Amino acid sequence: MGTTLIVAEIQNGAIREASYELAAFAQKIGHDVKSVVIGSGIGDQAEAFAAKGGGEVLTVDQDGVANYSVDAYAIAIKAAVEATSPDVVLVSNTPIGWDVAPRIAAAQDCAFVSDVFNYDDGAFVRRVFNGKLDARVTTSGDRVVATVQPGAVAAFEGSTSGSTKPLEVDLSGAAAKFVETRVAEAKGVDLSKAEIIVSGGRGVGDPEKFPEVIQPLADALGGAMGASRPVVDAGWLPHEYQVGSSGQIVAPKLYIAAGISGAIQHLVGMKGSNFVIAINKDGDAPIFEVADVGVVGDLFEVVPALTEAVKAAKG
Amino acid sequence: MKILVCLKQVPHQDARLDIDGAWIKEDGIKFEINSYDTYALEEALRIKDAGEAEVVVVSIGPDRVTQALRTALGMGADRAIHVKDAEVDGSDSLGLAKVLAAVAKEESPDLVLAGLMADDDNASAVPPMLAELMGVPSATSVMKAEFADGKVTVERELEGGALEVAELPTPCVLAVQTGINQVRYASLKGIMAAKKKPIDAKGAGDLGLAGKVGAGAALAKVEKVYVPPKGDGAEIIEGATGEVVEKLLGKIKELGLL
């Protein structure tokens with residue numbers, strides 16, 4: 001039987017939910033499970049993970065890894081790989097995971113697959129072309145490093161009789177240095193509490209169309225306007241309007257997505273919405289998979305007409 | 001200061017995706033520079049504008065990639081390297097990183113810039129791999145980079161709008177996030193000037209990688225791609241605009257929001 005090494009991640013003082021998802025993902029692969037937990041003063045967290053899917057948990061518990069930095073983490077993970085000789089290394093596809101995991105694969109000269117959401121009949125399954133297609137990826141060689149999309153599988157439930165074991169590493173070769181983490185600044189536009197959000201995407205096509213087409217529907221409904229990442233990247237609207245994993249996470253009663261194709265990072269930000277209406281000219285857009293109601297058509301016809309109808313209904 | 005910018009040419013974001021073999025049909029579709037990479041190039045050009053820097057762009061791929069390199073030269077890059085070799089085709093991320101590491105070894109850049117991910121394979125793998133092979137630090141999701149005294153201070157985008165500040169010695173590899181800057185367009189003058197700028201073609205053999213990269217050496221292979229199975233999906237409302245709007249209005253009323 002092979003070995004799967006889980007790289008667990010600590011966030012706000014506790015093992016991340018995504019790490020328990022890795023424990024569940026490891027069960028799909030079916031190997032012996034070992035884990036590594038990295039941080040400073042992390043004994044309790046390592047115990048918790050050992051009891052819930054982590055198996056034998058190696059602890060790299062040193063001041064030098066109190067905060068994330070790419071070189072120190074790479075050293076710690078490489079040491080855990082050396083100690084466990086895994087067939088599979090699982091890392092969550094988080095800002096830490098995608099920063100360090102490819103380095104581990106390159107150092108090991110082994111296969112690497114990123115952002116997978118399933119393991120099926122010997123292959124990793126992931127999305128490509130921003131969610132428009134899925135790809136089955138097979139690997140060869142003695143080892144594979146894979147990053148797993150957070151939320152792709154349910155977290156490990158149940159209990160295991162794991163153990164913890166300290167792993168000392170020499171961090172003197174780490175060149176990159178952590179300086180600080182800055183929390184998100186207070187938003188001028190707080191979408192997190194909005195009951196109705198009307199968001200526009202790349203399909204709106206022109207910055208001037210937001211005040212002309214999107215904002216009026218939001219106003220008519222008594223809601224707020226949002227946007228997808230490409231709109232903010234293009235400078236059409238400030239970052240505070242951005243809905244998505246790197247913007248605001250929203251959970252309105254009604255979310256209207258106009259001209260938004262539905263890249264994963266956007267879906268992560270709005271999947272808590274109670275009811276989703278999508279309007280897009282591309283019937284294959286991934287947004288229609290998460291929407292409750294979809295209109296395949298021209299947003300410049302539908303949205304203004306809906307705005308007028310809402311105004312008329314409200315009298 | 002020398003900056004190496006890694007560019008990938010990818011199918012246009014609105015290109016029709018027809019499945020062909022284990023990937024998509026490339027005939028008859030438009031290609032463009034990967035959106036993330038345009039921000040990397042812009043960041044390099046801004047460093048050049050602010051002081052002294054040579055900006056070298058490198059891309060891997062068939063003849064069509066020449067167009068992407070010409071665009072980059074038109075935007076202001078000084079010269080280009082085109083790794084064009086059937087022996088490199090079919091490389092996995094690690095194979096591509098090996099090719100770029102061999103180019104970096106020849107060029108000895110002070111800084112390597114790339115995009116966080118590619119719009120086609122969405123892999124986010126090559127830049128950190130390249131850094132590992134070069135033996136230098138890396139940072140991904142970079143939203144700000146400031147250089148002083150042989151060091152670079154970067155702001156990395158975390159979840160929910162939080163940022164991580166890190167300090168890296170140079171040389172290093174930075175994978176930039178979209179939105180780090182506003183990307184310029186190539187000016188007509190720039191495009192004319194670009195015609196005289198060199199594009200240096202290289203193959204696997206020139207880089208000492210014959211037999212070490214390409215489809216045969218790939219450890220990760222896409223077995224097939226397919227349209228994701230439709231889940232429950234949306235209830236699609238069809239009809240004339242008036243009918244569609246009536247039905248949408250009905251749904252909004254059902255939710256008790258009108």
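From the list B:GLY115, B:GLY61, B:GLY51, B:GLY90, the one residue that fits, being small (Gly, Ala, Ser) and over 21 Å from A:PHE129 (Cβ atoms), is B:GLY51. All told, A:THR84 falls short of being over 29 Å from A:HIS266 (Cα atoms), of a type in the set (Val, Ile, Thr) and facing chain B (nearest Cβ under 10 Å).
Matching residues to (1) in contact with a helix residue (DSSP H, G or I) (Cβ under 8 Å, 6 or more places away or on another chain); (2) surrounded by fewer than 16 Cβ atoms within 10 Å (Cβ to Cβ); (3) closer than 16 Å to B:ALA97 by Cα; (4) hydroxyl-bearing (Ser, Thr, Tyr):
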{"position": "B:LYS212", "(1), (2), (3), (4)": "yes, no, yes, no"}
{"position": "B:ALA215", "(1), (2), (3), (4)": "no, yes, yes, no"}
{"position": "B:TYR226", "(1), (2), (3), (4)": "no, yes, no, yes"}
{"position": "B:ASP232", "(1), (2), (3), (4)": "no, yes, no, no"}
{"position": "B:GLY239", "(1), (2), (3), (4)": "yes, yes, no, no"}
{"position": "B:GLY250", "(1), (2), (3), (4)": "no, yes, no, no"}
{"position": "B:GLY256", "(1), (2), (3), (4)": "no, yes, no, no"}
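Here the stretch A:202-241 is the region considered, the condition is being among the aromatic types (Phe, Trp, Tyr) and assigned to a helix (DSSP H, G or I), and the residue that is nearest to the chain's Cα centre (by Cα) is A:TYR241. Only one entry of A:ILE287, A:ILE256, A:ILE277 meets the criterion of being more than 20 Å from the chain's Cα centre (by Cα), under 30 Å from A:VAL183 (Cβ atoms), crowded, with 23+ Cβ neighbours inside 10 Å and of a type in the set (Val, Ile, Thr), and that entry is A:ILE256.
Out of B:ASP78, B:ASP27, B:ASP89, B:ASP85, one residue alone is touching a residue at least 40 places away in the same chain (Cβ under 8 Å) and farther than 24 Å from B:ALA210 by Cα. It is B:ASP78. Reported count of residues in the stretch A:81-123, each being within 17 Å of the chain's Cα centre (by Cα) and within 30 Å of B:LYS230 (Cα to Cα), is 14. Among the residues of the stretch A:130-163, those identified as within 9 Å of chain B (Cβ to nearest Cβ), in contact (Cβ under 8 Å) with a residue 24 or more places away in the chain and not in a loop (DSSP other than H, G, I, E, B) are A:ASN130, A:GLY131, A:VAL137, A:THR139, A:VAL144, A:THR147. For the residues A:VAL295, A:VAL290, A:VAL276, A:VAL232, the requirement of being in contact (Cβ under 8 Å) with a residue 24 or more places away in the chain and not small (Gly, Ala, Ser) singles out A:VAL290. Please work out if B:ALA186 is more than 14 Å from chain A (Cβ to nearest Cβ) and among the small types (Gly, Ala, Ser). Yes, satisfied.
In summary, B:THR153 fulfils each of the numbered conditions (1) within 21 Å of B:THR178 (Cα to Cα); (2) in contact (Cβ under 8 Å) with a residue 40 or more places away in the chain; (3) within 14 Å of chain A (Cβ to nearest Cβ) with the single exception of condition (2). May I ask you to list the residues in the stretch A:209-264 that are more than 30 Å from A:THR94 (Cβ to Cβ) and in contact with a Lys or Arg (Cβ under 6 Å, 6 or more places away or on another chain)? The one that is more than 30 Å from A:THR94 (Cβ to Cβ) and in contact with a Lys or Arg (Cβ under 6 Å, 6 or more places away or on another chain): A:ALA220. Residue count for the stretch A:298-309 satisfying the condition of being within 7 Å of chain B (Cβ to nearest Cβ) and either in contact (Cβ under 8 Å) with a residue 60 or more places away in the chain or touching an Asp or Glu at 6+ places or on another chain (Cβ under 7 Å) (or both): 1. In the stretch A:277-286, of all residues being more than 8 Å from chain B (Cβ to nearest Cβ) and outside any loop (DSSP other than H, G, I, E, B), the one that is nearest to B:LEU17 (Cα to Cα) corresponds to A:ASN280.
Considering only residues that are more than 10 Å from chain A (Cβ to nearest Cβ) and surrounded by fewer than 23 Cβ atoms within 10 Å (Cβ to Cβ), which ones fall in the stretch B:135-150? Correct list: B:LYS144, B:ALA145, B:GLU146, B:PHE147, B:ALA148, B:ASP149, B:GLY150. Please indicate, with yes or no, whether at least one residue in the stretch B:209-229 is among the hydroxyl-bearing types (Ser, Thr, Tyr), at the interface with another protein chain (Cβ under 10 Å from one of its Cβ atoms) and in contact (Cβ under 8 Å) with a residue 24 or more places away in the chain. Within the stretch B:209-229 (the criterion being among the hydroxyl-bearing types (Ser, Thr, Tyr), at the interface with another protein chain (Cβ under 10 Å from one of its Cβ atoms) and in contact (Cβ under 8 Å) with a residue 24 or more places away in the chain), the answer is yes, since at least one residue qualifies. Within the stretch A:1-44, the set of residues being outside any helix (DSSP H, G or I), surrounded by 15 or more Cβ atoms within 10 Å (Cβ to Cβ) and of a type in the set (Ser, Thr, Tyr) comprises A:THR3, A:THR4, A:SER35. If you check A:PRO166, A:PRO150 for being surrounded by 16 or more Cβ atoms within 10 Å (Cβ to Cβ) and not small (Gly, Ala, Ser), only one passes: A:PRO150.
If the condition is being part of a loop (DSSP other than H, G, I, E, B) and either at pLDDT 95 or above or closer than 22 Å to A:GLY205 by Cβ (or both), then the stretch A:252-272 contributes A:PRO252, A:LYS253, A:GLY259, A:ILE260, A:SER261, A:GLY262, A:ALA263.
The values are calculated or read from the model by the stated rules, or taken from the named source; none is laboratory data. All values reported here derive from a predicted model rather than from experimental measurement. Glycine also receives a Cβ, built like all others from the backbone with ideal geometry; neighbour counts cover every protein chain displayed.
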